[in-house]
1. Residues of segment 231-250 being more than 19 Å from residue 269 (Cβ to Cβ) and touching a residue at least 40 places away in the same chain (Cβ under 8 Å), which ones?
2. Here are some conditions: (1) within 30 Å of residue 20 (Cβ to Cβ); (2) surrounded by fewer than 18 Cβ atoms within 10 Å (Cβ to Cβ). Residue 317 meets all but one. Which one does it not meet?
3. Can you tell me which of (1) modelled with pLDDT of 95 or more; (2) crowded, with 24+ Cβ neighbours inside 10 Å is the one residue 213 doesn't meet?
4. Could you list, in sequence order, the residues of segment 238-263 that are in contact with a strand residue (DSSP E or B) (Cβ under 8 Å, 6 or more places away or on another chain) and part of a loop (DSSP other than H, G, I, E, B)?
5. Out of all the residues in segment 193-202, which are buried (at least 20 other Cβ atoms within 10 Å of the Cβ) and in a helix (DSSP H, G or I)?
6. Are any of the residues in segment 291-308 part of a loop (DSSP other than H, G, I, E, B), within 24 Å of residue 38 (Cα to Cα) and within 16 Å of the ligand (Cβ to nearest atom)?
7. Do the conditions hold for residue 282, that is, is it touching a helix residue (DSSP H, G or I) at 6+ places or on another chain (Cβ under 8 Å), assigned by TED's automatic domain parsing to the domain that holds residue 250 and over 30 Å from residue 21 (Cβ atoms)?
8. Scanning for something within 14 Å of the ligand (Cβ to nearest atom), in contact with a strand residue (DSSP E or B) (Cβ under 9 Å, 6 or more places away or on another chain) and closer than 26 Å to residue 311 by Cβ, does segment 147-166 turn up at least one residue?
Ligand SMILES: Cc1ncc(COP(=O)(O)O)c(C=O)c1O
């Protein structure tokens, strides 16, 4: 990237020009090689440069490149929806393919609203979501997200979501922690529903296991059972955001499965295409779908939704996940990576917590380990580590400002699920050096 570039870039960090990518590695125009321990944005599951996916994409482009979903269906879309419906922990799932996670969130929110309208519960429009959550960057999805730094410039456009506390075993808001944390959160949700008026609440939205903004936070035992019970009792739909966790990342096909969770609505993206195509999925249970259909159908759509090439990519990625046994691999490689990182970073005074599940891991940096006080934002700790890692040829995924809306330094590690043993060792070595206290 040069000063004369016409690209409106995403960040001010230096952007080398990527010229090739294979497995977990990216090579730039100067011949530097980077180990992508972030899987892009914790997105790549099968790794880069898979010829089977490239071939599936090319073959589909040659037969039917695209048709508009209001007029046609296609064989890959039908087959992909059937395959995904058979994998998600939902009854008679119906899959609405779109172009990414934010579009999937917008679509699923409309499904929630449409379901209540179809049942004559016209007042049900309020969305409840957690603090420190991330559900996308379009205006509707951003309003559901609790990530303050991303919301701040657009606040005048936002503000319709009711908030409940974030789930964090490291910074648990429950005064009695670690006792009764699940009950604590379920009670906060119940208060939010009661305070809004149960007849006005449409849907509760949350990541089953935290993504970037809550730093791979795994909920306490019993959390989802207690939340599910409150939602069901009040007729509130559960929309689970599996954009980061879906398609094997946490060691199950979908993170909901760790908790026996069967949501009414589920969204996925990232791992669905592993980056080979911009693909997102909004998925409704048969019950939600049928109610909407009987009332005349969903008033919604995008030009590129139900894209046959996206579906062909999705099918090819599913094949690769199965052939390479990547769901199991996420579990075994993840256990090894987490254990090795914990050992390597144990004595590091900058490291407050190393947590996660499968290949979704977060290192949280703190100024003071005892009080868990975060560094002030002005210290730019995340950026400093990121830059040092980049110099060593290691890509990490940053997330800042999530402790109190301004401060907080998380570095996410989420390599492709194909990551090899020696690459795990390299990640541990480079992370340890990038986070070493400056001497
Ligand atoms: C949990 C979660 N939901 C939604 C999104 C938004 O997805 P996209 O960036 O594809 O719009 C993301 C992206 O990071 C995410 O991690």
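The values are calculated or read from the model by the stated rules, or taken from the named source; none is laboratory data. Just so you know, these numbers come straight off a predicted model, no measurement behind them. Backbone-built Cβ (ideal geometry, glycine too); neighbour counts: all protein chains shown.
1. 231, 234, 235, 236, 237, listed by residue number.
2. If we test residue 317 against (1) within 30 Å of residue 20 (Cβ to Cβ); (2) surrounded by fewer than 18 Cβ atoms within 10 Å (Cβ to Cβ), just (2) comes out false.
3. (1)
4. 242, 243, 244, 245, 246, 247, 249, 250, 251, 254, 261, 263
5. Here is the first cut: in segment 193-202, the residues buried (at least 20 other Cβ atoms within 10 Å of the Cβ) are 193, 201-202.
The one that is buried (at least 20 other Cβ atoms within 10 Å of the Cβ) and in a helix (DSSP H, G or I): 193.
6. no
7. No.
8. no
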